[in-house]
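**Student:** Take a look at this one; I'll ask things after.
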Amino acid sequence: MIVVTGATGNVGRALVDRLLAAGQPVRALTRDPERAELPARAEVVPFRPEEPDALFAGATKFFLYAQAGTAPLLAAARAQGVRHVVLLSSGIIQEGADETHPIHVMHATAERQIRDSGLAGTFLRPNAFATNALQWAPQIRAGDTVRGVFADGLSAPIHEDDIAAVAERVLLDDGHEGAAYRLTGPAATSNADQVAAIGAALGRKLTFVETDPADAGPELFPHVPPQMLERLLRTFAETVGTPPEITGTVEQLTGAPARPFDRWARDHAGDFRA
């Protein structure tokens, strides 16, 4: 049995689908099972961290995202027989990183808790997610202009199913315990080019209009906690004129190359339609 937290999230849902297709029993943890709409073959269980012992009976492996990680949860997993945990961490964890950055603190804490838990751990460290482009969906549904910061900011966004494909291999194959894998998409693309690719997938011409970061607020970043927004904007500013890290890890571990952003845009075209 493999336990998957965040089973209704972008990566977690893709991983559940992959593990079931591979014939693996999956226990999908979600805070709202009634609305999860997960495959019938998955064992869907309410995620109640305050009752962790009920989550892991019969399980040997565990996929975890950092926001869900706590030392008591990991201790309960180990006590119930889990031996290997795969963490969806972050590419911000690297040599020379700003260790005070809130995203670094969250993921570094989760990694440290796993190392201290006695469980074998594997850390997946993706950089930019292609799904971050969903922040523009309301504007694209409403018209052909997208307001955003740093039109020329560069990243190599990774398709969520490529992260799930790596997680599948790490969970099912031997030899990944103790490893940390840096994951990216295959090519650099700017924010403006991402908007153009979404437009092409929709058969429309979309225009990116750059907004002064000083004027960016909750309307552009509704899911970012206010206390994190200023630091996040500084991080985005650093991507202008800076080529992003690009790794071949997805292909090395799965045998298939990472998918480019325009493929992601085609796969998600429906998310941008009114």
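We did not get these values from a lab; they are worked out from the coordinates using the rules stated. None of the values given here were measured: they were computed from a predicted structure. Here the Cβ positions follow ideal geometry from the backbone for every residue, glycine too, while neighbour counts run over all protein chains shown.
**Student:** Give the span of region 54-127's Cα atoms along each principal axis, as three whole-Å numbers ordered largest to smallest.
**Tutor:** 39, 19, 17
**Student:** Can you give the % of DSSP beta bridges in the chain that are antiparallel, to the nearest 5?
**Tutor:** 10
**Student:** I need the per residue convex hull volume for region 2-126, using only the alpha carbons, in cubic angstrom as a whole number.
**Tutor:** On the way: hull volume 13.2 nm³, N = 125.
Convex hull of Cα atoms, per residue: 106 Å³.
**Student:** I've got another one for you. Once you charge only the Cβ atoms, +1 for Lys and Arg and -1 for Asp and Glu, what is the size of the charge dipole of region 71-194 about its Cα centre, to the nearest 20 debye?
**Tutor:** For region 71-194, the charge dipole is close to 320 debye.
**Student:** Another question, if that's okay. For the chain, the longest stretch holding no GluC sites (Glu not before Pro) located in a DSSP loop with at most 12 other Cβ atoms within 10 Å is which?
**Tutor:** Details: sites that count: 37, 50, 95, 99, 219, 238.
Longest gap between qualifying sites, sites excluded: 100-218.
**Student:** Now for a different question. Whole number please: convex hull volume per residue, Cα atoms of the chain, in Å³.
**Tutor:** 137
**Student:** A further question follows. Pick out, in residue order, every one of the trypsin sites (Lys or Arg not before Pro) in region 1-100 that is DSSP loop and has at most 16 other C-beta atoms within 10 Å; say none if there are none.
**Tutor:** Details: sites: 13, 18, 27, 31, 35, 41, 61, 78, 83; in loops: 31, 41, 83.
Within region 1-100, the qualifying trypsin sites (Lys or Arg not before Pro) (loop, at most 16 other Cβ atoms within 10 Å) are 31, 41, 83.
**Student:** Further question: Full extension from residue 116 to residue 34: what is 0.36 nm times the residue separation minus their Cα-Cα distance, to one decimal in nm?
**Tutor:** Here the answer is 26.1 nm.
**Student:** What distance in nm lies between label points placed 7 Å from Cα along the C-beta direction at residue 215 and residue 83?
**Tutor:** For the pair residue 215/residue 83, the computed spacing is 5.9 nm.
**Student:** Where the convex hull is taken over the Cα atoms of region 199-274, what is its projected area averaged over directions, in nm²?
**Tutor:** Averaging across all directions leaves 7.5 nm² for the Cα convex hull.
**Student:** Rounded to the nearest 20 Debye, what is the dipole magnitude of the chain about its Cα centre when Lys and Arg each give +1 and Asp and Glu each give -1 at the C-beta?
**Tutor:** Here the size comes out at about 540 debye.
**Student:** If you put +1 on each Lys and Arg Cβ and -1 on each Asp and Glu Cβ, how big is the dipole of region 2-126 around its Cα centre, in Debye rounded to 20?
**Tutor:** Its charge dipole is roughly 380 debye.
**Student:** Still on this structure, I have one more. With N set to the number of residues, divide the alpha-carbon radius of gyration of region 128-227 by 2.2 N^0.38 Å and report two decimals. Please report the intermediate quantities before stating the final value.
**Tutor:** Values: Rg = 16.5 Å, N = 100, 2.2 N^0.38 = 12.7 Å.
Here the Cα radius of gyration is 1.30 times the empirical estimate.
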